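Presented below is the structure to which this report refers.
Taken together, the values in this text are just the output of simple stated rules run on the coordinates, not laboratory data. Note that the coordinates shown come from a computational prediction; the quantities given were computed from them, not determined experimentally. Here the Cβ positions follow ideal geometry from the backbone for every residue, glycine too, while neighbour counts run over all protein chains shown.
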Amino acid sequence: MTAEVHALLTMLIAGKKKTDYVFTAADPKRNIVDHEFRDHWAEVCVRAGVGRMLCRKCSTEDQEVILNEGKCTQCQKRPNHPIYLGLLFHDLRRSAVRNLVRRGITEKVAMRISGHKTRAVFDRYDIISDRDLVDAARKIESGQRVEFSHTTATQEPHEAFEAPVLKASKPQ
């Protein structure tokens, strides 16, 4: 882990026993239940502008009906189970894997860091974008230019590969 992450985790666990959870509810003796975490995550993401809540009843495949301050903009009700669309907490793991690979960390080391035990699952997280393909093409092109300049500048051409000399013919 990085020094910054280590420092943050150290602050989080200050005063806790080894058997305590790192992330807890307001009551430190109670661990966070999955659905509570998801609800809080969705709320924070909506406020940050990276997610939205939809009315389950009014939204269709063709039309999203967004909630405004918890109320449906169409039926004006507060839905019991709204639909959250946006950044998922698990997306952070996917981004971490992509960032590790892009920074040149070997895939084996990246798998240890991310906790992936199988290559197949790791590959599902290492998502390739169009930008990655464009970057790869640029690297190939720059590598070819470097190789070409090294071979032409440092090596004498082999006689079998010399360009033929064309002799000008006399006009008749």
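Quick notes
- Cα gyration tensor, region 92-154 - rounded (a/c under 1.5), prolate or oblate: prolate
- Arranged from fewest to most other beta-carbon atoms within 10 Å of their beta carbon, S129, S114 become S129, S114.
- Per-residue ³J(HN,Hα) for region 118-130, Karplus 6.51 cos²θ - 1.76 cosθ + 1.60, θ = phi - 60°, Hz, x for Gly and Pro: 10, 5, 4, 5, 4, 4, 5, 7, 7, 6, 9, 9, 4
- Spin-label pair N80/V22, simplified geometry with 7 Å Cα→Cβ offset, distance in nm: 3.6
- Radius 9 Å from Cβ of R94, net charge of other residues (Lys, Arg +1; Asp, Glu -1): +1
- Gyration tensor (alpha-carbon) shape descriptor, region 1-125, a/c threshold 1.5: oblate
- Extending 7 Å from the Cα toward the beta-carbon at both R94 and T73 defines two label points whose distance is 2.5 nm.
- The calculated FRET efficiency for the pair E107 and R138, based on their C-beta separation and a Förster distance of 25 Å, comes to about 0.70.
- Cα centroid separation, region 92-118 to region 60-74 (Å): 37
- Other-chain or far-sequence residues with amide H under 5 Å of K77's (modelled H): C72
- Added length on full extension, which subtracts the Cα-Cα distance from 0.36 nm per residue, I32 to R119: 28.2 nm
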